[in-house]
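Data first, discussion second: the structure below is written as structure tokens.
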Amino acid sequence: MRVRDFFVFRGYHLFVLIILLLLLGFVLMSLRAKERKGVEFFDALLMEVCSPVQKASTLVIKTVQETFQRYVFLVNLQKENRMLKQKISELQAGNHRMEEIRLANERLKQLLQFRGENSLSMIGAEVIGQDPSSWFKSVTVDKGERDGVKKGMAVISPVGVIGQILKTAPHYASVLLITDYNSAVDSIVQRTRAKAIVEGKGENRCELKYLLRTEEVAVGDAVVTSGLGGNFPKGLMVGEVKRVDKKGHGVFQYADLAPSVDMTQLEEVFIIVGPLPPSPHQEEKVKKGKKGKK
Amino acid sequence: MKRVILSLFAGILILILQTTLLSYSPVQRIRPDILLIFTLYLAFLFPPIFGGILAFLLGYLMDLFSGNTLGFYTVSRPLVFLAAQFFRERFYLEGFFFQSLFAFLFSLLEGIFIFILMNAVQPLPLRNLYPLFFTSLLPQSFFTGLATPLLFFVFQKGSSLLFRQPERGAKEIGYRP
């Protein structure tokens with residue numbers, strides 16, 4: 001018996017197939033939008049099957065690449081360059097943290113919060129694959145649910161924010177980069193404390209949105225996380241303002257932002273798995289709650 | 001059936017190449033969509049039912065490894081496959097130029113279709129994505145088109161080795177209703 005004999009309307013089998021495939025696609029889209037467990041389980045299963053091959057492929061490519069870079073072209077320069085870059089990254093990260101602490105002291109913020117920021121529980125993960133499409137910006141990492149990774153957890157590097165966990169499998173996870181159009185990070189301009197939302201613009205660019213027109217923002221201003229979204233701790237470097245657009249009218253102004261991390265060169269990342277220090281908003285709520293009880 | 005399973009494995013390998021080897025390209029936007037080229041090639045190799053299901057599965061896998069949370073490629077890839085099946089009998093598809101143009105147009109149309117879907121499901125307008133037409137979609141479609149003749153040749157060689165069939169041009173391969 002041939003497969004096409006199973007179709008009741010044999011003459012219309014192609015038409016039926018198109019309708020069925022489209023229907024199935026839209027049903028899957030709807031189930032994903034509702035975050036149904038069944039689809040998530042199936043996604044995780046497929047990811048678990050395919051990711052080891054992806055990991056092996058990355059390993060082979062990296063090994064070949066490193067062999068060429070280290071032994072054929074330059075023996076020690078590559079190593080030294082990497083060390084220097086790492087040191088610059090560390091110094092930059094330290095610098096931003098210091099600036100945050102100084103500003104917070106000026107406004108009489110509690111020091112405990114900053115101690116909390118430095119005692120974040122993080123795990124390191126290796127990037128094993130990039131997004132196959134041109135519209136979306138994500139990477140696959142080699143840490144998953146078994147390592148304590150959960151959906152929505154913040155992913156950072158010593159230089160700044162990278163994104164957040166989008167999908168998880170037992171040993172792998174997918175990270176939505178801040179440059180993806182679906183990404184939104186609650187942030188503040190470090191110098192003026194102006195609040196805004198950083199949205200992805202693709203191609204290693206972001207946009208600062210919902211920034212009040214009355215707020216002062218200039219090219220070169222650093223933008224850090226506000227800690228209000230609940231996913232990212234306060235004070236992590238997001239990027240630098242590259243262009244400010246007042247748009248002539250309206251309540252808001254917009255700014256182009258270059259992320260502090262080069263998303264095209266990601267290799268190792270940190271996932272914040274521990275609880276985040278309470279945000280100023282949460283602290284206020286707790287204080288109000290205590291006052292209410294008294 | 002063996003043909004379908006082998007093609008699915010080949011598709012998975014191509015997807016992994018796209019997410020690993022091709023991402024090492026210094027300029028991300030010139031990365032061709034080789035899985036799309038493979039889907040187009042399947043249109044010459046498979047009948048609509050098996051090919052459609054295969055394209056659906058490849059789209060599903062593409063969604064799984066992308067930051068796409070809803071699954072647009074699961075919808076678009078079977079459509080690309082079926083549209084390519086429709087056009088393969090109606091156009092001359094031999095030669096570098098025609099194959100490149102064929103893939104370029106499909107890549108561009110799929111991008112526009114996905115953009116329309118994104119706009120349909122997103123409550124806010126996606127003003128941010130308009131520049132991507134010129135900075136990302138157009139160059140990627142162009143390079144997808146450029147890579148197509150070479151990859152069609154590689155896929156032809158591969159399928160003739162795997163399925164032990166004589167090598168034929170894109171126009172002559174596969175199912176004829």
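Bear in mind that the values in this text are calculations on the coordinates, not laboratory data. In this text the structure is predicted, and so the values were computed from the model without any measurement. Cβ sites come from the backbone with ideal geometry, for glycine too, and all protein chains shown count toward neighbours.
Phi angles of the range A:176-183 translate, via the Karplus equation with coefficients 6.51, -1.76, 1.60 and θ = phi - 60°, into HN-Hα couplings of 7, 6, 5, 7, 6, 5, 7, 8 Hz per residue; Gly and Pro are given as x. For the range B:145-156, the Karplus equation 6.51 cos²θ - 1.76 cosθ + 1.60, evaluated at θ = phi - 60°, returns couplings of x, 5, 6, 4, x, 5, 6, 4, 5, 5, 5, 4 Hz by residue, with Gly and Pro reported as x.
Most exposed first by the Cβ proxy, i.e. fewest other Cβ within 10 Å, how do A:Val238, A:Val159 rank? Working shown, then result.
Details: A:Val238 27, A:Val159 20.
The most exposed by this proxy come first: A:Val159, A:Val238.
With distances taken between every two different alpha-carbon atoms, the range B:2-162 has a Kirkwood hydrodynamic radius of 16.1 Å.
Taking R0 as 22 Å, what FRET efficiency do you get between A:Asn95 and A:Ile123 from their Cβ-Cβ distance, rounded to the nearest 0.05? Intermediate values should be presented prior to the final figure.
Values: r = 25 Å, r/R0 = 1.13.
The pair A:Asn95/A:Ile123 has a calculated efficiency of 0.30.
Peptides B:81-89, A:80-88 ranked from most to least packed give B:81-89, A:80-88, packing being the mean of other C-beta atoms within 10 angstrom over each peptide's residues.
Per-residue mean of foreign Cβ neighbours for B:3-13 is 1 (Cβ atoms of other chains, 10 Å radius).
Across peptide A:18-28, how many C-beta atoms of other chains are within 10 Å of each residue C-beta, on average?
On the way: counts 5, 0, 4, 13, 6, 1, 6, 14, 5, 2, 8.
Rounded to a whole number, the mean comes out at 6.
Computed 3J(HN,Hα) for the range B:42-59, one whole-Hz value per residue from the Karplus formula 6.51 cos²θ - 1.76 cosθ + 1.60 where θ = phi - 60°, is 4, 5, 8, 9, 10, x, x, 5, 5, x, x, 5, 4, 5, 4, 5, 5, x, glycine and proline marked x.
Which entries in the list A:Lys167/A:Lys195; A:Lys151/A:Lys242; A:Lys195/A:Lys247; A:Lys55/A:Lys167; A:Lys209/A:Lys246 go over 22 Å, if you measure between the two C-alpha atoms of each? Could you put the intermediate results ahead of the total?
Details: A:Lys167/A:Lys195 28 Å; A:Lys151/A:Lys242 31 Å; A:Lys195/A:Lys247 18 Å; A:Lys55/A:Lys167 17 Å; A:Lys209/A:Lys246 11 Å.
Too far apart for the 22 Å limit: A:Lys167/A:Lys195; A:Lys151/A:Lys242.
For the listed peptides B:95-107, A:161-173, a ranking on the average number of other beta carbons within 10 Å per residue, highest first, reads A:161-173, B:95-107. Under 5 Å from the amide H of A:Ser138 lie the amide H atoms of A:Asp131, A:Leu177, B:Gly67, each residue being 5 or more positions distant or on a separate chain, with H modelled from the backbone and absent for Pro and chain starts.
Need one value for B:70-77: mean number of C-beta atoms belonging to other chains within 10 Å of its residues' C-beta atoms.
Values: counts 9, 11, 5, 5, 9, 8, 1, 2.
For peptide B:70-77, the averaged partner shielding equals 6.
Note down the net charge around B:Ile37, summing +1 for each Lys or Arg and -1 for each Asp or Glu among other residues with Cβ under 13 Å from its Cβ. Could you put the intermediate results ahead of the total?
Working: positive: B:Arg31, B:Arg77; negative: B:Asp33, B:Glu110.
For residues surrounding B:Ile37, the net value is 0.
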